[in-house]
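Q: Take this structure first; my questions come after.
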């Protein structure tokens, strides 16, 4: 026996799990590109006050609907042009990144926390509790996502925070189901029994033994939901049920610009592009995370 | 067998309800995984449970470890009834009864280091401080033949035999009295099997452990056990000290099992055929003796009357078999 423990300690130490994860992740070029974009967006969001060329609410009376700089009539003062009341679009998009990222973070934190809680409970207490939780989730799943969000906002009243609550509820069922499935799967394994034999209580089994082994699919789902959350928040904003004007939220900016689509293409195009690029980057990032975290997809 | 047994089970039963699919399905049957089993484990010895897969030996072992609640019967540990222990008292009992698992891959948490795995029982029971626990981990790894320098590695970096050693170290962390080893070597290479078995024997001597060894491998049982019980369809059909059982098997099932052991060298098989047929469906076990559909000696009485587990005439101390026609053929 001394022989094979000796050979093992002589062998080079295998890479740290984080390092291994990074080498798997960086193989996927799209995912790295997504990560770079998200880092840039996050940077812009954090330092919007410094980076933005103008305050987001300042109206420049002499420049209603000024076109972007490269078009005839554009000025270098407003690189992406101005909107109908003379606000700088670039500055508003930069500040809007803040809202979008915060919306994504809060929605994911809320639905992940509640979803993991409910999912673990359903996975550990089979029987009536499980049936109650899972059937409630089935009902939520039976309603179209945006419609459900609209109903909830209609009940709570429009506003950014209520919109975030509503979107969290919409994403709850997926996370509950994922957690429950993973928990049931893990719970049957011997290492959980071993913890139990050692005297571990229910809470320890749920959160220390089982939960860390369920996290990989949850992280992936959370990243992918992050982008949908931004989209849904923008949609609610566009419908006038999310962030209220003059908040420079991207969806709300689109809604404000609706009537000028024919005359000034830039007022809708740039906020739309911002949404598109951010969501695309998050999706690429999520795919890359899934490939790197899910051992079944490893080559 | 004069000293009081460390663990004693009386008329133990474990039944599982089989339910239909769907929300409002009712119970459609009962699997009698363990049926009327009584046994006594002598302190410091190895008691082996043998039988085919599906005979209920693992269920019995897990019931004795209080991982399943028995449906009926009683379990006594050091003279105290433990069948219905709960909460704090159950947790306290867990210190004395530990389990070694079959699958060395599934029984270690992939996200914990070896040190974390081995010290988990200590942390759960709040034994010692951080430094004391680290010291204990080194001690245990040393005892099971692993270099303590490997304490910060993750399970996937180890071979099957080494993982099983980690599992053994974890089982020993709390100084248990009884270790239940559920097929401890059947997932390992043959060359590693003997190393692990010898380790288990050394540890038994060093720490005065009592083993309940579950195995389907008669060679393992012959090597390790002091006393053997043969299970068939949830019941013990024969129990005897090891040498008695291997020299004078008196239940036809035990005899068939011993004949079925493959022998290297391609010599002649022992006289008498192996077992024909299949293990009956445990959802509807046959009436009378559960073994009668496959038994070469079966007669009318076997189809009607369940034989009791009784002393084998002319055989030594504590040799009992459940057969109407028991005896050395």
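Yes/no matrix, rows are residues, columns are (1) in contact with a strand residue (DSSP E or B) (Cβ under 9 Å, 6 or more places away or on another chain); (2) farther than 19 Å from residue A:159 by Cα:
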{"position": "A:81", "(1), (2)": "yes, yes"}
{"position": "A:90", "(1), (2)": "no, yes"}
{"position": "A:93", "(1), (2)": "no, yes"}
{"position": "A:100", "(1), (2)": "no, no"}
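Q: Continuing with the same structure: With respect to residue B:288, is the statement that it is touching a helix residue (DSSP H, G or I) at 6+ places or on another chain (Cβ under 7 Å) and either at pLDDT below 75 or on the phi > 0 side of the Ramachandran plot (or both) true?
A: Considered against the rule, which asks whether it is touching a helix residue (DSSP H, G or I) at 6+ places or on another chain (Cβ under 7 Å) and either at pLDDT below 75 or on the phi > 0 side of the Ramachandran plot (or both), residue B:288 comes out as yes.
Q: Tell me which of these residue B:126 doesn't satisfy, since it passes every other one: (1) more than 9 Å from every other protein chain (Cβ to nearest Cβ); (2) under 30 Å from residue B:41 (Cβ atoms); (3) in contact with a helix residue (DSSP H, G or I) (Cβ under 7 Å, 6 or more places away or on another chain).
A: (3)
Q: What are the residues in the range B:303-318 that are farther than 20 Å from residue B:290 by Cα and surrounded by 18 or more Cβ atoms within 10 Å (Cβ to Cβ), if any?
A: B:315 - this is the single residue of the range B:303-318 that is farther than 20 Å from residue B:290 by Cα and surrounded by 18 or more Cβ atoms within 10 Å (Cβ to Cβ).
Q: Output the residue which, of all residues in the range A:207-227 that are crowded, with 20+ Cβ neighbours inside 10 Å and farther than 24 Å from residue A:282 by Cβ, is nearest to the other protein chains (Cβ to nearest Cβ).
A: A:209
Q: Can you give me the number of residues within the range A:1-50 that are more than 14 Å from chain B (Cβ to nearest Cβ) and modelled with pLDDT under 80?
A: Of the residues in the range A:1-50, 0 are more than 14 Å from chain B (Cβ to nearest Cβ) and modelled with pLDDT under 80.
Q: In this structure, is residue A:237 farther than 30 Å from residue B:107 by Cα, touching a helix residue (DSSP H, G or I) at 6+ places or on another chain (Cβ under 6 Å) and free of Cβ contacts under 8 Å to residues at least 60 places away in the same chain?
A: The answer is no for residue A:237.
Q: Any idea which of (1) assigned to a loop (DSSP other than H, G, I, E, B); (2) within 16 Å of residue A:91 (Cα to Cα) is the one residue A:269 doesn't satisfy?
A: Only one criterion is unmet by residue A:269, namely (1).
Q: Can you pull out the residues in the range B:109-121 that are in contact (Cβ under 8 Å) with a residue 12 or more places away in the chain and either over 18 Å from residue A:207 (Cα atoms) or more than 9 Å from chain A (Cβ to nearest Cβ) (or both)?
A: Of everything in the range B:109-121, those that are in contact (Cβ under 8 Å) with a residue 12 or more places away in the chain and either over 18 Å from residue A:207 (Cα atoms) or more than 9 Å from chain A (Cβ to nearest Cβ) (or both) turn out to be B:113, B:114, B:115, B:118, B:119.
Q: Which condition does residue B:133 not pass, out of (1) within 12 Å of chain A (Cβ to nearest Cβ); (2) at pLDDT 90 or above, if it passes all the others?
A: (1)
Q: Restrict the check to the range A:159-170 and report whether at least one residue is surrounded by fewer than 21 Cβ atoms within 10 Å (Cβ to Cβ) and under 25 Å from residue B:112 (Cα atoms).
A: No, the range A:159-170 contains no residue that is surrounded by fewer than 21 Cβ atoms within 10 Å (Cβ to Cβ) and under 25 Å from residue B:112 (Cα atoms).
Q: Please go through the range B:184-202 and pick out each residue that is touching a strand residue (DSSP E or B) at 6+ places or on another chain (Cβ under 8 Å) and either within 11 Å of chain A (Cβ to nearest Cβ) or surrounded by fewer than 20 Cβ atoms within 10 Å (Cβ to Cβ) (or both).
A: Within the range B:184-202, B:186 is the sole residue that qualifies.
Q: Further question: Could you list, in sequence order, all residues of the range A:37-70 that are more than 17 Å from residue A:253 (Cα to Cα), in contact with a helix residue (DSSP H, G or I) (Cβ under 8 Å, 6 or more places away or on another chain) and not in a helix (DSSP H, G or I)?
A: A:53
Q: Which one of these is within 27 Å of residue A:203 (Cβ to Cβ) and crowded, with 16+ Cβ neighbours inside 10 Å: A:133, A:152?
A: Residue meeting the stated conditions: A:133.
Q: Closer than 17 Å to residue B:41 by Cβ and crowded, with 20+ Cβ neighbours inside 10 Å: does that describe residue B:65?
A: yes
Q: Another question, if that's okay. Anything in the range B:226-244 that is in a strand (DSSP E or B) and touching a helix residue (DSSP H, G or I) at 6+ places or on another chain (Cβ under 7 Å)? List them, or say none.
A: Passing the criteria: B:227, B:228, B:230, B:231, B:232, B:237, B:238.
Q: So for the range B:293-303 (the condition being in contact with a strand residue (DSSP E or B) (Cβ under 6 Å, 6 or more places away or on another chain), closer than 26 Å to residue B:30 by Cα and at pLDDT 80 or above), does at least one residue qualify?
A: no
Q: Wholly within the range B:37-100, which strands (runs of 3 or more DSSP E) include no fewer than the required count, namely at least 1 residues that are within 24 Å of residue B:169 (Cα to Cα), within 12 Å of chain A (Cβ to nearest Cβ) and within 18 Å of the chain's Cα centre (by Cα)?
A: Per the criteria, B:97-100.
Q: Also: If residue A:276 satisfies all but one of (1) more than 14 Å from every other protein chain (Cβ to nearest Cβ); (2) touching a residue at least 24 places away in the same chain (Cβ under 8 Å), what's the number of the condition it fails?
A: (2)
The values are calculated or read from the model by the stated rules, or taken from the named source; none is laboratory data. Predicted model only: the values in this text are computed from it and were never measured. Note that we place each Cβ from the backbone using ideal geometry, even for glycine, and neighbour counts take in every protein chain shown.
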